[in-house]
């Protein structure tokens, strides 16, 4: 099961938000909350609040809906900052001109999942509840041809 929380129209560029979100991807919720509490980026308190909201969504599902969710086993499955609308602004420039610039916004989404313990051959291993995405391998490049000057 996946539990998510989203914050829309946050006044930070998606690039700056991704720097902080990359710190918590794949981590346990307790570890991610501690990381966000001590991160010095300006967006960290907003992401901390959003992560707590996702945990409370999971807690609500376990108490009110009767789902079997262990809040202590949750980890950050997905943390994404997508681009929102841009505000176009104008700044005065020398000699009566004007420079245009854009104020960026982002939509931030955090999804949590529960790690399930799989007992295989007597050992306990933690695996995500969802199968991991397959990584693509990069093709090897062939060596560059030598020029006539390099051969001499």
Only one of (1) within 24 Å of the chain's Cα centre (by Cα); (2) modelled with pLDDT of 95 or more; (3) part of a strand (DSSP E or B) is not met by residue 127, so which one is it? (2)
Has segment 69-76 got any residue that is loosely packed, with under 15 Cβ neighbours inside 10 Å and under 15 Å from the mean Cα position of the chain (by Cα)? no
Could you tell me which residue of segment 54-66 is farthest from residue 18 (Cα to Cα), considering only residues that are over 15 Å from the mean Cα position of the chain (by Cα) and surrounded by 13 or more Cβ atoms within 10 Å (Cβ to Cβ)? 62
Which of the residues belonging to segment 1-20 are touching a helix residue (DSSP H, G or I) at 6+ places or on another chain (Cβ under 7 Å) and within 18 Å of residue 113 (Cα to Cα)? 3, 4, 5
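The values are calculated or read from the model by the stated rules, or taken from the named source; none is laboratory data. These numbers come from a predicted model, not from an experiment. Virtual Cβ from ideal backbone geometry, glycine too; neighbours counted across all protein chains shown.
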